[in-house]
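Reading through the structure tokens given below for one structure.
The values are calculated or read from the model by the stated rules, or taken from the named source; none is laboratory data. Every value quoted in this text rests on a predicted model; they were computed, and no experiment measured them. Cβ coordinates were reconstructed from backbone atoms using ideal geometry, including for glycine residues, and neighbour counts include every protein chain displayed. In case anyone asks, the SASA skips ligands and DNA or RNA and just uses the protein heavy atoms, side chains included. Shrake-Rupley method; radii C 1.70, N 1.55, O 1.52, S 1.80 Å.
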Amino acid sequence: MSKLIDHAVPLIRAVVIHPDFGERSSRSAADRLEEAAGLARALDLDVRAEEVVRLRKTTPATLFGSGKVEELAALIRAAEAEAAVIDDQLTPVQQRNLEKAWDCKVIDRTGLILEIFGRRARTKEGRLQVELARLDYERSRLVRTWTHLERQRGGTGSTGGPGETQIELDRRLIADRIVKLKSELEEVRRTRGLHRKQRQKAPFPTVALVGYTNAGKSTLFNRLTGSEVMARDLLFATLDTTQRTIRLPAGRPAIIADTVGFISDLPHELVESFRATLEEVGEADLILHVRDIASPDTVAQSQDVEAVLKQIEQPEGKDRRILEVWNKIDLLDPEAREAIEGQAARANTDAVAVSAWTGDGIEPLRHAIAARIDDDPETEVTLDPSQGEALAWLYEHGRVIGRDTDGEGRMRLTVRLDPQAMGRFEQRFG
């Protein structure tokens, strides 16, 4: 006997369809379908059926051929689905025609991801970015989306009727709203730039976490910082960028940022709208690319992340340094885990194997981070026993890598300090 669940808001019944174009993707159709179904569930859809549809060519009007459209209509009726999720980007015409043929709501991959982002955004910046992406996406879909509009022709065929005028008015309203949002986001970008300049005065190195959605970035962020950022086994569980200070070996502080998760075929509208947020990645001294090493799709996911990273502008003269974090080794069987840990430990591999969930490998990761951002020159400093404030300042603003005391109690320190911090130290303490 099935258990009845009383939902305050009933879940929308949905069918998920993945069009398989064969060699167009490096990942299997089954894995792509599973991911699409995961995206649908992240939007709280009740997935009643999942289907892979192999296509040799696309039909401009409906994507699928007429026979396949009818076959899928039967599947949708049998599942009593109220929505069909197509794991591909549809043109406005295709979306409208499929909705008519199937008599249900049709959502393509871009629309699905935008809807999830819309629900997940919590900060003002996140909401602005999502709204901008949504308006940019919907601008070409006015005929489908704005159901109160009807195209009407004047009697002579030369002038637009009232419906045509309303469509143009709505287009202009959307265009005006987009201009306003871009202006507000430019202010956000300017504010972020000021914050970065303030941080550079500290100066603390910055580390950015990137990775495929659900790779475990937020869990790793919590493990490194002792924070409690929401971390769930859910696609796009967190969206807004969070920053915290962490302590690396020998006490040197760094700023670490948890960023939005990436995904294959990330809509261009989102990459463009999240430019202000993604600048944090471009400006970072070190990028931690978190990979779900237990996933059979880990290589393809890594390639998708690298493709998005290539779209992020890098400041002139700044080298992009990436350290791969092979996460979720606790999910591997002992033999596979030993092989992965051995591969990561090789001298020519720029990777660290960890389990953010159990904490395995976290200390080696901290040392690896410190080694890659610690390119400041070494300085020898001698302090009297009474100079406790100067000692504390060095630990706060630099990295003490060596320390001993002579017979008279004076401390001889080997410290890594950038030239700017060294100048402030000499000015303050002589």
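Tabulated data for the structure shown
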item	result
Qualifying residues in region 292-315 (those that are over 19 Å from Ala356 (Cβ atoms) and either among the small types (Gly, Ala, Ser) or touching a His at 6+ places or on another chain (Cβ under 7 Å) (or both)) - the one most open to solvent (accessible area, probe 1.4 Å)	Ala307
Pair list, Cβ < 8 Å and 6+ apart or interchain, from region 317-344 residues that are in a helix (DSSP H, G or I) to residues that are aromatic (Phe, Trp, Tyr) and open to solvent by 80 Å² or more (accessible area, probe 1.4 Å)	Asp330/Trp357
Search result, residues across region 247-269 that are at pLDDT below 70 and out of contact with any strand residue (DSSP E or B) (no Cβ under 8 Å at 6 or more places or on another chain)	His268, Glu269
Matching residues in region 381-417 - criterion: being within 23 Å of Phe204 (Cβ to Cβ), surrounded by fewer than 15 Cβ atoms within 10 Å (Cβ to Cβ) and not β-branched (Val, Ile, Thr)	Gly388, Glu389, Ala392, Glu396, Gly402
Yes/no for Glu378 being in contact with a strand residue (DSSP E or B) (Cβ under 7 Å, 6 or more places away or on another chain), surrounded by fewer than 14 Cβ atoms within 10 Å (Cβ to Cβ), touching a residue at least 12 places away in the same chain (Cβ under 8 Å) and on the phi < 0 side of the Ramachandran plot	yes
Qualifying position, being in contact (Cβ under 8 Å) with a residue 24 or more places away in the chain, open to solvent by less than 60 Å² (accessible area, probe 1.4 Å), farther than 28 Å from Leu181 by Cα and in contact with a Ser or Thr (Cβ under 9 Å, 6 or more places away or on another chain), among Ala133, Ala79, Ala101	Ala101
Failed item, numbered, when Ser218 is tested on (1) in a helix (DSSP H, G or I); (2) of a type in the set (Gly, Ala, Ser); (3) at pLDDT below 80	(3)
Region 363-413: number of residues that are touching a Ser or Thr at 6+ places or on another chain (Cβ under 7 Å) and either modelled with pLDDT under 85 or not in a strand (DSSP E or B) (or both)	4
Residue match in region 20-41 (condition: open to solvent by 30 Å² or more (accessible area, probe 1.4 Å), touching an Asp or Glu at 6+ places or on another chain (Cβ under 8 Å) and farther than 26 Å from Tyr212 by Cβ)	no
Condition broken by Arg244, with the remaining ones in (1) modelled with pLDDT of 85 or more; (2) part of a helix (DSSP H, G or I); (3) surrounded by fewer than 18 Cβ atoms within 10 Å (Cβ to Cβ) satisfied	(2)
